[in-house]
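Q: Handing you this structure, nothing more for now.
The values are calculated or read from the model by the stated rules, or taken from the named source; none is laboratory data. If you're wondering where the values come from, they're calculated on a predicted model, not measured in any experiment. All Cβ positions, glycine included, derive from the backbone under ideal geometry; neighbour counts span all protein chains shown.
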């Protein structure tokens, strides 16, 4: 079988899985899986760029995804004027003082020598820290005191506010779309800082460094309430697509739904999800096209040359560290964009739900299973593994129900078996990863 | 008197918890460092190996309690520890035979083994959840305190109390025993010496007739024992939860790298460095400073450098600082 035919069949198979889900579990579920699958495919593209193209081992995907989510709040929510006057500028001044301290320390360490250097560094650190905390803490306290139950944070940049029609129903707000590139920028900024410090190190160290930074990003998002309300979550993010309730009250929409033989409720939920699907598919196709262009350009060939033999590439005059930094930033930015898209889809930012197993290691399973080094493989892996991740739980439950059907109701073993179905996901994902690595290490669509 | 009070407060809130946590991290980091030294990859499944060992020990503890057997004032889990270690040894040997051996024979790149260990991590995490669930489990029984804050105050007449939990004392004692046994094994026995030879120079060790399969098997057994011990001690001291053990991976790796990957002595030092930095930076120093400073200078705030939620940031920051200035760690470790 030639590769093109095989790849088409593989994608057709994934399509068939989704269509099958639509027939068995309803089109709402199928579209839900497809939408998150598209987002996952974008994340997988980002990781594939880093790992497949350049051999960089980034296991901090979760952090970049979360930064994308943060961007949706910073862009999409209306600013909280009271909080800004209560301490907004003070917090920013505090953070700037913190940065100034770091700059001062770096400067002192360059200028001074010997014992003066050590003493100067310590003195600058202590003085800087005390001033920073004094300014920053007061500002934070001011912001967080502003109506903590509903705001207590600075809000975002969306001064145009929620749009409503004549009947006071919510309308789509396209401003939030700006959050997607913004998410990419935030993630790129973080990636630049990490890359500058950790990329010169060995691959295992980079792995630990990215794992650590991801945990720190989540810790910051959970604890800095002034930024995005921490674990109190930000709900009601604006949406770039029509709201279901608004659609259901639109006579024109009800009539059109009826002509398809659908009730307004189902029709509106499916319509909204389809709008997201179109938006996500556009982003995915653009990024996929760019990634393909990059892969087949001289730049892409250079990247793979560096990956396969760093020393030889360096001898040919390639700046390995700079190229690594470049691709690390690009890949992380893509993860950030995907993270912003995901939070937009959810309509809320919940820092407590970011878990490394789900947002870092699952993405890795997608890339490896799809085929590292191949963009189409990453996309295929993204959708396929996401489908599996969602479906394993009901499938496990069904399996356990069949297996335990012979046992008496209420018996301890039976309850144990039914309960354990909830943990099927991790086990299955691990097995899939191990089996693919062992028997088909190049993945479903191997690198050409 | 104030000085003594300050000292006792410091011991109570910083030194004792730091020692216990440091010992737990050190034993965990020893496992990571041994795998790195002998099998030459960073084992991401280590946290879940610890969780599996602890889960098995908890099951053993429950069985013993059901039979009416307790360990007097000490936690029953210590009696069940050998059972947990045995089960974990079986699991890691099985994993090695089923999974890692293939890649070793192929001489796969270390990074491939790291990804493989990610798969193993997923599976082990799933197995632990199957076996014991995701709830928070406390399994420490026996006496809770070696000395309570109240007794200490009555004994010494100081205003500050010093409480030492039984689990903290046990942690330190068990850690000392485990580390001495390990070092005796590595330095005095034939197998231990061949392990060190294998770690230093694989080709030379093979040439001189060392059986690599045996070395690898023994390494896994030791690592399983260390991981289970570390996991049980941590669980006794705090509580058992599958997810927490996964998160321990970061401080443990930080400890192993700070000390120098592949260097057992470094792993121990690294464990204490990380533990004490975490505790001192997230501790509210007000209590100690109130005793030490003249009244006019008493601090208003808690004098906490960072909130406890940022303890990951501390291990991470130390890791980065050490890596930037001493890339092979405080004690000379290996680098690939």
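Q: In the range A:95-117, what count of residues is obtained for those that are more than 13 Å from chain B (Cβ to nearest Cβ) and closer than 17 Å to residue B:304 by Cα?
A: 0
Listed here are the residues, each with its yes/no results for (1) out of contact with any strand residue (DSSP E or B) (no Cβ under 7 Å at 6 or more places or on another chain); (2) in a helix (DSSP H, G or I); (3) within 21 Å of residue B:247 (Cβ to Cβ); (4) modelled with pLDDT of 70 or more.
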site: B:287; (1), (2), (3), (4): yes, yes, no, yes
site: B:309; (1), (2), (3), (4): yes, yes, yes, yes
site: B:319; (1), (2), (3), (4): yes, yes, yes, yes
site: B:327; (1), (2), (3), (4): yes, no, no, yes
site: B:331; (1), (2), (3), (4): yes, no, no, yes
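Q: Continuing with this model, one more query. Any residue that is closer than 15 Å to residue A:76 by Cα and part of a loop (DSSP other than H, G, I, E, B) - is there at least one of those in the range A:173-196?
A: The answer is yes, given that some residue of the range A:173-196 is closer than 15 Å to residue A:76 by Cα and part of a loop (DSSP other than H, G, I, E, B).
Q: Turning to a different aspect of this structure: Report whether or not residue A:380 is within 30 Å of residue A:291 (Cα to Cα), assigned to a helix (DSSP H, G or I), more than 9 Å from every other protein chain (Cβ to nearest Cβ) and in contact with a helix residue (DSSP H, G or I) (Cβ under 6 Å, 6 or more places away or on another chain).
A: Against the criterion (within 30 Å of residue A:291 (Cα to Cα), assigned to a helix (DSSP H, G or I), more than 9 Å from every other protein chain (Cβ to nearest Cβ) and in contact with a helix residue (DSSP H, G or I) (Cβ under 6 Å, 6 or more places away or on another chain)), residue A:380 qualifies.
Q: What residue, of A:64, A:53, A:32, A:107, is surrounded by fewer than 20 Cβ atoms within 10 Å (Cβ to Cβ) and in the same structural domain as residue A:281 (by TED's automatic domain parsing)? It would help to see each step written out before you state the result.
A: Details: A:64 fails: surrounded by fewer than 20 Cβ atoms within 10 Å (Cβ to Cβ); A:53 fails: surrounded by fewer than 20 Cβ atoms within 10 Å (Cβ to Cβ); A:107 fails: in the same structural domain as residue A:281 (by TED's automatic domain parsing).
Answer to the check: A:32.
Q: Let me ask something else about it. So in the range B:52-81, with the set limited to residues that are farther than 30 Å from residue A:431 by Cβ and part of a helix (DSSP H, G or I), which one is nearest to the other protein chains (Cβ to nearest Cβ)? Write out each step before concluding.
A: Here is the first cut: in the range B:52-81, the ones farther than 30 Å from residue A:431 by Cβ are B:64-79.
From the residues that got through so far, the ones that are part of a helix (DSSP H, G or I) too are B:64-66, B:77-79.
Working: B:64: 20, B:65: 18, B:66: 14, B:77: 23, B:78: 28, B:79: 25 Å.
Restricting to residues being farther than 30 Å from residue A:431 by Cβ and part of a helix (DSSP H, G or I), the top hit is B:66.
Q: Regarding residue A:362, is this residue in a helix (DSSP H, G or I), in contact with a helix residue (DSSP H, G or I) (Cβ under 7 Å, 6 or more places away or on another chain) and buried (at least 24 other Cβ atoms within 10 Å of the Cβ)?
A: Working: in a helix (DSSP H, G or I): yes; in contact with a helix residue (DSSP H, G or I) (Cβ under 7 Å, 6 or more places away or on another chain): yes; buried (at least 24 other Cβ atoms within 10 Å of the Cβ): yes.
Yes; evaluated as a whole, the condition is true for this residue.
Q: Taking the conditions exactly as written (within 28 Å of the chain's Cα centre (by Cα), surrounded by fewer than 20 Cβ atoms within 10 Å (Cβ to Cβ) and part of a helix (DSSP H, G or I)), does residue A:422 satisfy them or not?
A: Details: within 28 Å of the chain's Cα centre (by Cα): yes; surrounded by fewer than 20 Cβ atoms within 10 Å (Cβ to Cβ): yes; part of a helix (DSSP H, G or I): yes.
Yes, satisfied.
Q: Which condition from (1) assigned to a loop (DSSP other than H, G, I, E, B); (2) in contact with a strand residue (DSSP E or B) (Cβ under 9 Å, 6 or more places away or on another chain) is the one that residue B:281 breaks?
A: (1)
Q: What is the one condition in (1) within 25 Å of residue A:368 (Cβ to Cβ); (2) surrounded by fewer than 24 Cβ atoms within 10 Å (Cβ to Cβ) that residue A:47 does not satisfy?
A: Tallying (1) within 25 Å of residue A:368 (Cβ to Cβ); (2) surrounded by fewer than 24 Cβ atoms within 10 Å (Cβ to Cβ), residue A:47 fails exactly one: (2).
Q: What about residue B:65, is it buried (at least 17 other Cβ atoms within 10 Å of the Cβ) and modelled with pLDDT under 95? Outline the logic, then answer.
A: Numbers: buried (at least 17 other Cβ atoms within 10 Å of the Cβ): no; modelled with pLDDT under 95: yes.
Here the answer is no, as residue B:65 does not meet what is asked.
Q: Spot the failing condition for residue A:230; the list is (1) crowded, with 17+ Cβ neighbours inside 10 Å; (2) under 30 Å from residue A:138 (Cβ atoms); (3) free of Cβ contacts under 8 Å to residues at least 40 places away in the same chain, and only one is missed.
A: Exception for residue A:230: condition (3).
Q: Can you tell me which residue is modelled with the lowest pLDDT among those in the range B:211-245 that are within 14 Å of chain A (Cβ to nearest Cβ) and surrounded by 24 or more Cβ atoms within 10 Å (Cβ to Cβ)?
A: Narrowing the range B:211-245 to residues within 14 Å of chain A (Cβ to nearest Cβ): B:241-245.
Next, only the ones that are surrounded by 24 or more Cβ atoms within 10 Å (Cβ to Cβ) stay: B:242, B:245.
Numbers: B:242: 84, B:245: 89.
Checking each candidate, the answer is B:242.
Q: Checking residue A:190 against (1) at pLDDT below 90; (2) assigned by TED's automatic domain parsing to the domain that holds residue A:276, which test does it fail?
A: Just one mismatch for residue A:190, condition (1).
Q: Please work out which residue is surrounded by the most Cβ atoms within 10 Å (Cβ to Cβ), limiting yourself to the range B:162-210 and to residues that are outside any helix (DSSP H, G or I) and in contact (Cβ under 8 Å) with a residue 12 or more places away in the chain.
A: Of all residues in the range B:162-210, those outside any helix (DSSP H, G or I) come to B:162-165, B:189, B:201, B:208-210.
Then drop every residue that is not in contact (Cβ under 8 Å) with a residue 12 or more places away in the chain, which leaves B:162-165, B:210.
Values: B:162: 22, B:163: 18, B:164: 19, B:165: 20, B:210: 18.
Looking at residues that are outside any helix (DSSP H, G or I) and in contact (Cβ under 8 Å) with a residue 12 or more places away in the chain, I get B:162.
Q: Next up: I need the full set of residues from the range B:235-266 which are touching a strand residue (DSSP E or B) at 6+ places or on another chain (Cβ under 8 Å) and farther than 18 Å from residue B:44 by Cα, in order please. Walk me through it before giving the result.
A: Within the range B:235-266, the first condition is being touching a strand residue (DSSP E or B) at 6+ places or on another chain (Cβ under 8 Å), and the residues that meet it are B:235, B:237, B:239-241.
Across the range B:235-266, the qualifying residues are B:235, B:237, B:239, B:240.
Q: If you check A:47, A:39, which single one turns out to be within 14 Å of chain B (Cβ to nearest Cβ), part of a helix (DSSP H, G or I), out of contact with any strand residue (DSSP E or B) (no Cβ under 9 Å at 6 or more places or on another chain) and modelled with pLDDT of 95 or more? Even if it seems obvious, please write down each step before you answer.
A: Working: A:39 fails: within 14 Å of chain B (Cβ to nearest Cβ).
After applying the criteria, what remains is A:47.
Q: Quickly run through the range A:238-291 and pick out the residues that are assigned to a loop (DSSP other than H, G, I, E, B) and in contact with a strand residue (DSSP E or B) (Cβ under 7 Å, 6 or more places away or on another chain). Don't jump to the end; show me each part of the working.
A: To start, the set of residues in the range A:238-291 that are assigned to a loop (DSSP other than H, G, I, E, B) comprises A:238-243, A:249-250, A:260-263.
Residue satisfying the conditions is A:243 alone.
Q: Counting just the residues of the range A:118-130 that are away from every other protein chain (no Cβ under 14 Å) and touching a helix residue (DSSP H, G or I) at 6+ places or on another chain (Cβ under 7 Å), which one comes out farthest from residue A:94 (Cα to Cα)?
A: Checking each candidate, the answer is A:120.
Q: In this structure, does residue B:104 turn out to be within 22 Å of the chain's Cα centre (by Cα) and more than 10 Å from chain A (Cβ to nearest Cβ)? Full working, then the answer.
A: Values: within 22 Å of the chain's Cα centre (by Cα): no; more than 10 Å from chain A (Cβ to nearest Cβ): yes.
Criteria not met by residue B:104.
Q: Among (1) part of a loop (DSSP other than H, G, I, E, B); (2) touching a helix residue (DSSP H, G or I) at 6+ places or on another chain (Cβ under 6 Å), which single condition is residue B:130 missing?
A: (1)
Q: Then there's this: Consider residue A:237 carefully, then state whether it is more than 30 Å from residue A:143 (Cβ to Cβ) and either within 14 Å of chain B (Cβ to nearest Cβ) or touching a helix residue (DSSP H, G or I) at 6+ places or on another chain (Cβ under 9 Å) (or both). So that I can check it myself, show each step before the final result.
A: On the way: more than 30 Å from residue A:143 (Cβ to Cβ): no; either within 14 Å of chain B (Cβ to nearest Cβ) or touching a helix residue (DSSP H, G or I) at 6+ places or on another chain (Cβ under 9 Å) (or both): yes.
So residue A:237 does not fit the description; no.
Q: Hey, among A:332, A:405, A:372, which residue is surrounded by fewer than 19 Cβ atoms within 10 Å (Cβ to Cβ) and either away from chain B (no Cβ under 14 Å) or assigned to a loop (DSSP other than H, G, I, E, B) (or both)? Steps first, answer last, please.
A: Details: A:332 fails: surrounded by fewer than 19 Cβ atoms within 10 Å (Cβ to Cβ); A:372 fails: surrounded by fewer than 19 Cβ atoms within 10 Å (Cβ to Cβ).
Answer to the selection: A:405.
Q: Determine, yes or no, whether residue A:178 is at pLDDT 85 or above, in contact with a helix residue (DSSP H, G or I) (Cβ under 6 Å, 6 or more places away or on another chain) and at negative phi.
A: On the way: at pLDDT 85 or above: yes; in contact with a helix residue (DSSP H, G or I) (Cβ under 6 Å, 6 or more places away or on another chain): yes; at negative phi: yes.
Answer is yes for this residue.
Q: Among the residues of the range A:378-403, how many are over 17 Å from residue A:30 (Cβ atoms) and free of Cβ contacts under 8 Å to residues at least 40 places away in the same chain?
A: Qualifying residue count for the region: 8.
Q: Give me the residue from the range B:138-151 that is in contact with a helix residue (DSSP H, G or I) (Cβ under 6 Å, 6 or more places away or on another chain) and surrounded by 15 or more Cβ atoms within 10 Å (Cβ to Cβ) and, out of that set, farthest from the other protein chains (Cβ to nearest Cβ). Working first, answer last.
A: Filtering the range B:138-151 for residues in contact with a helix residue (DSSP H, G or I) (Cβ under 6 Å, 6 or more places away or on another chain) gives B:139-140, B:143, B:146.
Narrowing the set further to residues that are surrounded by 15 or more Cβ atoms within 10 Å (Cβ to Cβ) leaves B:139-140, B:146.
Working: B:139: 19, B:140: 25, B:146: 33 Å.
Only one residue tops the list, namely B:146.
Q: So, one more: Please count how many residues of the range A:182-233 are within 10 Å of chain B (Cβ to nearest Cβ), closer than 20 Å to residue A:327 by Cα and within 16 Å of the chain's Cα centre (by Cα).
A: 3
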